[in-house]
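Novice: I'd like to ask you about the structure that follows.
The values are calculated or read from the model by the stated rules, or taken from the named source; none is laboratory data. Quick caveat, the model's predicted, so the values are computed rather than measured. Every residue, glycine as well, gets a Cβ built from its backbone with ideal geometry; the counts of neighbours run over all protein chains shown. We work out accessible area using only protein heavy atoms, side chains counted, and drop any ligands, DNA or RNA first. Shrake-Rupley method; radii C 1.70, N 1.55, O 1.52, S 1.80 Å.
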Amino acid sequence: SLRLRLQGAEAHTLTVELERGGETRIGALVEAVRGALRLAPEDAVRLLSGFPPRALPTDPGLATLAAAGLHNRDVLVVALDKEEPEKRKDTSGSEPRKKTDAPAATADSAATAAAA
């Protein structure tokens, strides 16, 4: 068996034990993480390992934990993507928006400024 420690954004750590060890598929690991954290199936989960943390490969050729280089008692960082998958990908073909230092003015902020 293979024990992996999961560390989330809330700084708590859980341990998940996988009976098939290094032969476990990455997809099965993701499902075990979902179960341990009680996540919904539609929640987007990214698993990061190593230092500095890097996303686990999703290449079908590296489908097992052993092929991904995971060992007993490794720590995995669990990152939850709050945005929906279709919002993460820019399919518009346009250039990405540039960040500005000034916040964007909205109708609410203009009304608040006028009331003051």
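Novice: Six or more apart or on different chains, Cβ atoms under 9 Å: show the pairs whose first residue is in the stretch 13-38 and without any contact (Cβ under 8 Å) to a residue 60 or more places away in the chain and over 17 Å from A68 (Cα atoms) and whose second is basic (K, R) and in a loop (DSSP other than H, G, I, E, B).
Specialist: T15/R73
Novice: If I ask for residues that are over 13 Å from the mean Cα position of the chain (by Cα) and open to solvent by less than 40 Å² (accessible area, probe 1.4 Å), which ones from the stretch 52-65 would you list?
Specialist: Hits for the stretch 52-65 are A63, T64, L65.
Novice: Spot the failing condition for P41; the list is (1) out of contact with any strand residue (DSSP E or B) (no Cβ under 6 Å at 6 or more places or on another chain); (2) at pLDDT 90 or above, and only one is missed.
Specialist: (2)
Novice: How many residues are closer than 16 Å to V78 by Cβ and surrounded by fewer than 13 Cβ atoms within 10 Å (Cβ to Cβ) when one looks only at the stretch 19-28?
Specialist: Qualifying residue count for the region: 1.
Novice: Picking from A68, A36, which residue would you name as being open to solvent by less than 50 Å² (accessible area, probe 1.4 Å) and more than 15 Å from R5 (Cα to Cα)?
Specialist: After ruling out the rest, the residue left standing is A68.
Novice: Restricting the stretch 39-51 to residues that are under 14 Å from L65 (Cα atoms) and part of a strand (DSSP E or B), which is least open to solvent (accessible area, probe 1.4 Å)?
Specialist: Per the stated criteria, the residue is L47.
Novice: Quick check on this structure: which one of V75, V16 is open to solvent by less than 40 Å² (accessible area, probe 1.4 Å) and at pLDDT 90 or above?
Specialist: None of the other options fit; the residue is V16.
Novice: Is one or more of the residues making up the stretch 19-38 at positive phi, part of a helix (DSSP H, G or I) and modelled with pLDDT of 90 or more?
Specialist: Yes, the stretch 19-38 has at least one match.
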